[in-house]
1. Assuming a ≥ b ≥ c are the square roots of the Cα gyration tensor eigenvalues, decide whether region 144-254 counts as rounded (a/c under 1.5), prolate (otherwise, with a/b larger than b/c) or oblate.
2. Over all distinct alpha-carbon pairs, what is the Kirkwood Rh of region 124-183 in angstrom?
3. Give, to the nearest whole percent, the P(r) tail of the chain beyond 34 angstrom, counting all Cα pairs.
4. What's the magnitude of the charge dipole for the chain around its Cα centre, counting Lys and Arg as +1 and Asp and Glu as -1 at the beta-carbon? Answer in Debye, nearest 20.
5. Once you charge only the Cβ atoms, +1 for Lys and Arg and -1 for Asp and Glu, what is the size of the charge dipole of region 85-232 about its Cα centre, to the nearest 20 debye?
6. State in Å² the accessible area per residue of region 95-178; use a 1.4 Å probe, count heavy atoms of protein chains only, and round to the nearest integer.
7. Hey, can you grab everything whose amide H is under 5 Å from the amide H of His98? Only 5+ residues off in sequence or another chain; H modelled, so Pro and N-termini drop out.
8. Using the Kirkwood radius built from alpha carbon pairs, what does the Stokes-Einstein equation give as D for region 1-148 at 20 °C and 1.002 mPa s, in µm² per second?
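The values are calculated or read from the model by the stated rules, or taken from the named source; none is laboratory data. These numbers come from a predicted model, not from an experiment. Every residue, glycine among them, receives a Cβ derived from its backbone with ideal geometry; neighbour counts consider all protein chains shown. Note: areas computed on protein heavy atoms with side chains; ligands, DNA, RNA excluded. Shrake-Rupley method; radii C 1.70, N 1.55, O 1.52, S 1.80 Å.
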Amino acid sequence: MDIFIKATPQDVATHAADVMAEYVRNGQTIGLATGSTPLLMYRELIARFQAKELSFKDCTAFLLDEYIGLPREHEQSYYRFIRDNFTSHIDIDDAKVHSPNGLAEDVHAEGPAYDAAIEAAGGIACQLVGVGANGHIGFNEPACSLNSGTRVETLHPKTIADNARFFDDDESQVPVHVLTQGLGTISRAGHVLLIATGAAKARAVKALIEGPLSAFCPASVLQLHNHATVIIDEEAAQLLEYSDYYRFCADNRV
Ligand code: GLP
C-alpha cells in the first residue's frame, strides 16, 4: 500500500484529484464513490475541468453502490448524488455514467449484470473508495466475502445510523438493502484509491492498514491489492503505529 498522510482534508482532495486526473487524461474507466469524503475531490476535479485543464469526454464511470428501492430522482439515490455533485458539472457523457439499478425487477440478477458491464468496458482502471466507520468499502459490511461480486447487501445498523443524517436524521427512512460492488469486484480494479478524513475514521483506518486481513474490516482486503493508494488526513491517521514510517516512505519515493 502507498500511504500518504496529509495535513488537511483539502490536501487529501488535491492529492486524490492528482491521482484521478492521470486516468481521466487517458480517457480511462474510473470508479466513483459517494459519501461526504469525496466531495472536496470532486470539487477539485470540477475546478480543473472549468479551467480547461481536464476533459472527461472520453471517460466511462461506474459507481460503487446504490440503495435498493430509491427511485433515481430521489435526492439520496447515489445515481442522483453523483450527478448533482460531480458528473453534471463536467463533460462526461451521462450515458457512460453507470450505477447499479436499485429498482431492478430482479435485484439479485443486477449484481452479476453490473460486473459483466464493468468487464465489457475493459475493467475499472482506477476505483475511488471511501471507508465507513466500521471499515466497509462500497457497502460491503463486516463478515462479507473477501472475494464477493456485485450483489445485494444488508446494511449494518451502524451504517444505517451513520447515513441517517442524509435522511432527515430518521433511521427508518434509510433503506436496509443495497446493491454494492463486491470486494472481489473492487479488487479487480487496476488501482484502488482510498481516501478518509476526520477522527471518526481513525479506527477503521488503523484496522485497514495495520490490522489483520479480515472480513471483519472489509477495507483490509486492500492489503492484497498490488496497487492500492491510501490518502488520509492527520485526524484519520492518529491511531497508526507506523505513521512516521509511512511519512518517511512518502518523502523518499523512488
Ligand atoms: C456510505 C458509502 C460508502 C462511503 C461511506 C462513508 O456508506 N456507501 O461508499 O465510503 O458512506 O461516507 P462518508 O464519506 O460520508 O463518511
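1. On the way: a/c = 2.39, a/b = 1.44, b/c = 1.66.
Judged from the Cα gyration tensor, region 144-254 comes out oblate (a/c at least 1.5, b/c at or above a/b).
2. On the way: mean 1/r = 0.0822 Å⁻¹.
Averaging 1/r across every pair of different Cα atoms and inverting gives 12.2 Å.
3. Working: 3210 of 32131 pairs.
Everything past 34 Å amounts to 10 percent.
4. Details: 19 positive and 34 negative charges, 99 e Å.
That gives a dipole near 480 debye.
5. Values: 8 positive and 16 negative charges, 146 e Å.
Its charge dipole is roughly 700 debye.
6. On the way: 3790 Å² over 84 residues.
The answer is 45 Å² per residue.
7. Distant-sequence amide H within range of His98: Ala61, Phe62, Leu63.
8. On the way: Rh = 16.1 Å.
For these conditions, the coefficient is 133 µm²/s.
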